[in-house]
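Colleague: Okay, handing you the structure first.
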Amino acid sequence: MVLIFTYFFYCLAGLCDSAPRTLYSQQAADGGYDNLDDRSQVLVDLRPPPPHHPGAQRQLHKRTASQDALQVDAERQQQQYEPGSVKETNSIPVSNTYGTKKLPNAIIIGVKKGGTRALLEFLRIHPDVRAFGAEPHFFDRFYDRGLEWYRNLMPRTLDGQITMEKTPSYFVTREAPSRVCTMNRHTKLIVVVRDPVTRAVSDYTQTLTKNPGLPSFQSLALKNSSTGPVDSTWSAVRIGLYAKHLENWLQYFPLSHFLFVSGERLVSDPSGEMGRVQDFLGLKRVISDKHFYFNQTKGFPCLKKPEGSSRPRCLGKSKGRPHPQIPSEALQRLRDFYRPFNQRFYQMTGQDFGWD
């Protein structure tokens, strides 16, 4: 009786609101969770209020001083879609720490300036794909940091979801195939390829924006300016030797583990090419024509405006740059140089990409 009397006394005094709310009422106030297939498995972690000073943020995981700017910046990029991010409800942060961090099931391994960023952004539409935002460069630059460091970079996934990342330089890194195979010999590998001549010009254009004093394209691509042979040691040219790089990968993975995506068809028929990608990854075909529109200014497809967003999603200003004028003689020399390598690549992959 004393306890009941005390309870009613506190209620009359207006202090009942300070009692903890049930999990159900907390979820209702929060408006539910984004992109959850099984809400019954969600673990809600109530945290105390953050410090009351400008710009204060609560960290969900303790970080060591050895973690570099790559990880911090990448996690900041992922904050918009990482389900472990903090939501505010009545001044009480709610941390959705569902799912686990896993090593990638699939990796976009190449190639630079082929369309890898577009492919990754398109794949993010799919509810069963969870992708790391930045390029981790684990298998070419940071391999000595270990698999646990690499795993910790990945987004959390639920059962049935695919973990992915993309680093285009893997395809041309000699040590990358053996390292990926050591991690998981069943990893699915996606290579986005593009006409090697156009790819080389695009690569040069990107470098030129960062270094306006760069020599002309033809002087870098051809030895002794326009009179000598093609200089295959220049990275912009070397990356386009797709057959040679693929030979290195086929020493560790069977051809069935690869999907070769056409960078040209990713522009002209994004839904068709994305259908192939979804099939390869064992995903239901969710991404279709309804998700794309063609941006005439940039010259490539963009994602239509997501529900609740004020504008469509298009790749940044670094994409779709106008290419400099290159002498036709230099471009023809490159086409002649690449032709046997292209034919070999067609034979190896069983696909004719129509670059000749």
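The values are calculated or read from the model by the stated rules, or taken from the named source; none is laboratory data. Quantities reported herein were computed from a predicted structural model and do not represent experimental measurements. Neighbour counts run over all protein chains shown; Cβ positions are idealised from the backbone, glycine included. Accessible surface areas use protein heavy atoms only, side chains included; no ligands, DNA or RNA. Shrake-Rupley method; radii C 1.70, N 1.55, O 1.52, S 1.80 Å.
Colleague: Determine the order of D352, D144, D195, D279 by accessible area, beginning with the largest, at a probe radius of 1.4 Å.
Modeller: Output order, biggest surface exposure first: D144, D352, D279, D195.
Colleague: Cβ under 15 Å from I190's Cβ, I190 left aside: what net charge do those residues give with Lys, Arg +1 and Asp, Glu -1?
Modeller: That works out to +3.
Colleague: Cα centroid distance between region 233-277 and region 157-203, in Å?
Modeller: 9 Å
Colleague: Compute, for K290, the solvent-accessible surface of its heavy atoms (probe 1.4 Å) with the complete set of protein chains present, and express it in square angstrom to the nearest 10.
Modeller: 140 Å²
Colleague: Just to verify a number: what accessible area does S328 come out at with the full protein assembly present, 1.4 Å probe, Å² rounded to tens?
Modeller: Only protein atoms counted, so the area is about 80 Å².
Colleague: Using modelled backbone amide H atoms (1.01 Å from N, in-plane), which distant-in-sequence or interchain residues come within less than 5 Å of A131's amide H?
Modeller: Those qualifying (amide H under 5 Å, at least 5 residues apart or on another chain) are M164.
Colleague: Turning to a different aspect of this structure: Using 0.36 nm per residue, how much length does the chain from L103 to N295 gain when fully extended, once their Cα-Cα distance is taken away? Before the final figure, lay out the partial values.
Modeller: Details: separation 192, 0.36 × 192 = 69.12 nm, distance 3.48 nm.
Residue separation times 0.36 nm, minus the Cα-Cα distance, leaves 65.6 nm.
Colleague: Just the accessible area for W234, please: 1.4 Å probe, Å², rounded to the nearest 10?
Modeller: Approximately 50 Å² of W234 is accessible to the 1.4 Å probe.
Colleague: Right, here's the next one. Report relative contact order for region 110-253 in percent, whole number only (criteria: Cα-Cα under 8 Å, sequence separation at least 6). Display every interim value, and only then the final one.
Modeller: Working: 153 pairs, mean separation 40.0, N = 144.
Once divided by the residue count of region 110-253, the mean separation gives 28 percent.
Colleague: Mind listing the phi-derived Karplus ³J(HN,Hα) values for region 142-155, rounded to whole Hz, using 6.51, -1.76 and 1.60 with θ = phi - 60°, and x for any glycine or proline?
Modeller: 10, 4, 5, 7, x, 5, 5, 4, 5, 4, 5, 6, 6, x
Colleague: Now, a different point. At 7 Å along Cα-to-Cβ for each site, give me the label-to-label distance between E329 and K304 in nm.
Modeller: That separation, rounded to one decimal, is 5.0 nm.
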